[in-house]
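Trainee: Sharing a structure here in structure tokens format.
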Amino acid sequence: MEGTDVREKRWSLRGNTALITGGSKGIGVLHQTKDHGYAVVEELVMLGATVHTCCRNESELNKCLQEWKDMNYPVTGSVCDVSSRVEREKLMEDVSSIFQGKLNILVNNAGTFYFKPVVECTSEDYMLLMSTNFESAFHLSQLAHPLLKASGKGNIVHISSIAGIKGVKNASIYGASKGAMNQLTKNLACEWAKDGIRTNCIAPGAIRTPLIQHLLTKEFEAQVSMGIPLERIGEPNEVASLAAFLCMPAASYITGQVICADGGQTISG
């Protein structure tokens, strides 16, 4: 029985607190259809964590919070546009108050993208993508550092993209923002290990989320799947399960890694 208890603790997030940005849709949460599977909010809650999440859209957030309340999920939320420095600071003040100055897990999941040739990109395009994708992850990690350190065992998981590893047509700024997240992962892992904080990154490939749903015609999906060894688009729960694992005691010797969840797309040539 003692051995069973040890195994359960290694594969559990019971008692952990977590902040997940962008938790109202996509990889952050199962919201549109159950076919999307479980995503990060539900995955962490079902493994025992108490979660706070954020979203730009108040009505969308409130709808999710009500659904979680109906399921007795311990989830709270804040309205926050992560591209805003002021709103990021307010978010972390809320988190510190709710979790009494301690945080075990930060998942930087919020992000945006669009396809645009470099010669057509504007300074506004650059600022939007970099502030939403990279600057938010950098700043929220800074703000979360004392809370993660105070918890004794902190974990940061960045959600980047394979666009930060390989070339993707018409996605130069997006790829740069995600590549910066990948490198930030390695630096934070080295710098904050002494504080008991592990930092890892997940680089998803094509995942069936609302962000790309408008692109997923049968023809487009078939074309993309041809370049994926597993021959299909991924589901949000297939990213969420990896995020949860990286935060578990069972993953205690893993830090500074950028792990592709892409069906083998980056190794297929």
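Trainee: Out of residues 5 or more away from R56 or on other chains, whose amide H comes under 5 Å of its own, with H placed 1.01 Å from N in the peptide plane?
Mentor: Sorted by chain and number, the residues that satisfy this are C80.
Trainee: Return one quarter of the surface area of the convex hull spanned by the alpha-carbon atoms of the stretch 92-189, equal to its mean projected area, in nm². Working shown, then result.
Mentor: Values: hull surface 26.0 nm².
Its average projected convex-hull area is 6.5 nm².
Trainee: Sort 161-169, 59-67 by packing, meaning the average of other beta carbons within 10 Å per residue, with the highest value first.
Mentor: 161-169, 59-67
Trainee: Which log10 I(q)/I(0) values, to two decimals, does the stretch 141-269 give at q = 0.11, 0.16, 0.19 Å⁻¹ under the Debye formula with one point per Cα?
Mentor: -0.43, -0.82, -1.06
Trainee: Here's another thing I want to ask about it. How far, in nm, would the chain grow between N187 and K63 when pulled straight, counting 0.36 nm per residue and subtracting the alpha carbon separation?
Mentor: Numbers: separation 124, 0.36 × 124 = 44.64 nm, distance 3.72 nm.
Length difference between fully extended and current span is 40.9 nm.
Trainee: Out of residues 5 or more away from I156 or on other chains, whose amide H comes under 5 Å of its own, with H placed 1.01 Å from N in the peptide plane?
Mentor: L106, R198, T199, N200
Trainee: Which sequence of D81, D262 reflects their accessible areas, 1.4 Å probe, from the largest down? Walk me through the numbers on the way to the answer.
Mentor: Details: D81 45, D262 20 Å².
My answer, sorted largest first, is D81, D262.
Trainee: Each residue of the stretch 88-98 in order: what ³J(HN,Hα) in whole Hz does its phi give by Karplus 6.51 cos²θ - 1.76 cosθ + 1.60, θ = phi - 60°, with x for Gly and Pro?
Mentor: 5, 5, 5, 4, 5, 5, 4, 5, 4, 5, 5
Trainee: Now a separate question. Report in % the part of the accessible area of the chain that belongs to carbon and sulfur, leaving out ligands and nucleic acids; probe 1.4 Å.
Mentor: Working: 7120 of 13240 Å².
Its accessible area is 54 percent carbon and sulfur atoms.
Trainee: Here's another thing I want to ask about it. Per the chain: cysteines with no other Cys C-beta under 4.7 angstrom?
Mentor: So far as the 4.7 Å Cβ criterion goes, C55, C64, C121, C190, C201, C247, C260 stand without a partner in the chain.
Trainee: Here's another thing I want to ask about it. Full-extension gain between D5 and Q142, please, as 0.36 nm times their residue separation minus the C-alpha to C-alpha distance. Write down the numbers at each step before the final one.
Mentor: On the way: separation 137, 0.36 × 137 = 49.32 nm, distance 3.46 nm.
Stretched out fully, the D5 to Q142 stretch lengthens by 45.9 nm.
Trainee: Among G154, G111, G48, which one shows the biggest mean-square fluctuation in a GNM of the chain, springs joining Cα atoms closer than 10 Å?
Mentor: G48
Trainee: Would you pull out the residues with amide H under 5 Å of A203's amide H, same chain only if 5 or more places away, H placed 1.01 Å from N?
Mentor: Answer set, sorted by chain and number: S160, I259, C260, A261.
Trainee: Sticking with this one: Along the stretch 178-195, what does the Karplus equation 6.51 cos²θ - 1.76 cosθ + 1.60 (θ = phi - 60°) give for ³J(HN,Hα), rounded to whole Hz, x for Gly and Pro?
Mentor: Karplus values, whole Hz, x for Gly and Pro: 6, x, 5, 4, 4, 6, 4, 4, 5, 5, 5, 4, 6, 6, 9, 4, 5, 9.
Trainee: As a check on your grasp of the helix formula, calculate [θ] at 222 nm for the chain: sum -39500 (n - 2.57) over DSSP H runs of n ≥ 4, divide by the residue count, round to the nearest 500.
Mentor: Working: 9 runs with 107 residues, N = 269.
After summing the helix terms and dividing by residue count, I get -12500 deg cm²/dmol.
Trainee: Further question on the same structure: Give, as ranges by residue number, the residues of the stretch 145-162 whose backbone N falls under 20 Å from the point 7 Å along Cα→Cβ of C121.
Mentor: 159-162
Trainee: A further question follows. Once phi is turned into ³J(HN,Hα) by the Karplus curve 6.51 cos²θ - 1.76 cosθ + 1.60 with θ = phi - 60°, what whole-Hz value does each residue of the stretch 42-53 show in order, with x for glycine and proline?
Mentor: For the stretch 42-53, the Karplus-derived couplings read 5, 4, 5, 4, 5, 9, x, 7, 9, 10, 10, 10 Hz, x marking Gly and Pro.
Trainee: When ligands, DNA and RNA are left out and all protein chains stay put, how many square angstrom of accessible area per residue does the stretch 72-222 have with a 1.4 Å probe?
Mentor: Values: 6980 Å² over 151 residues.
For the stretch 72-222, the solvent-accessible area averages 46 Å² per residue.
Trainee: With the Cα gyration tensor of the stretch 18-174 giving a ≥ b ≥ c as the square roots of its eigenvalues, does the rule (a/c under 1.5 for rounded; else a/b larger than b/c for prolate; else oblate) give rounded, prolate or oblate? Walk me through the numbers on the way to the answer.
Mentor: On the way: a/c = 1.85, a/b = 1.42, b/c = 1.30.
Prolate.
Trainee: Once Rh is set to the Kirkwood radius over Cα pairs, what Stokes-Einstein translational diffusion coefficient, in µm²/s, holds for the chain at a temperature of 25 °C and a viscosity of 0.890 mPa s?
Mentor: Details: Rh = 18.7 Å.
My calculation gives 131 µm²/s for D.
The values are calculated or read from the model by the stated rules, or taken from the named source; none is laboratory data. Remember, predicted model here, so these are calculated numbers, not experimental data. As a convention, Cβ positions derive from the backbone with ideal geometry for all residues, glycine included, and neighbour counts pool all protein chains shown. Accessible surface is based on the protein model in full, side chains and every heavy atom, while ligands, DNA and RNA are left aside. Shrake-Rupley method; radii C 1.70, N 1.55, O 1.52, S 1.80 Å.
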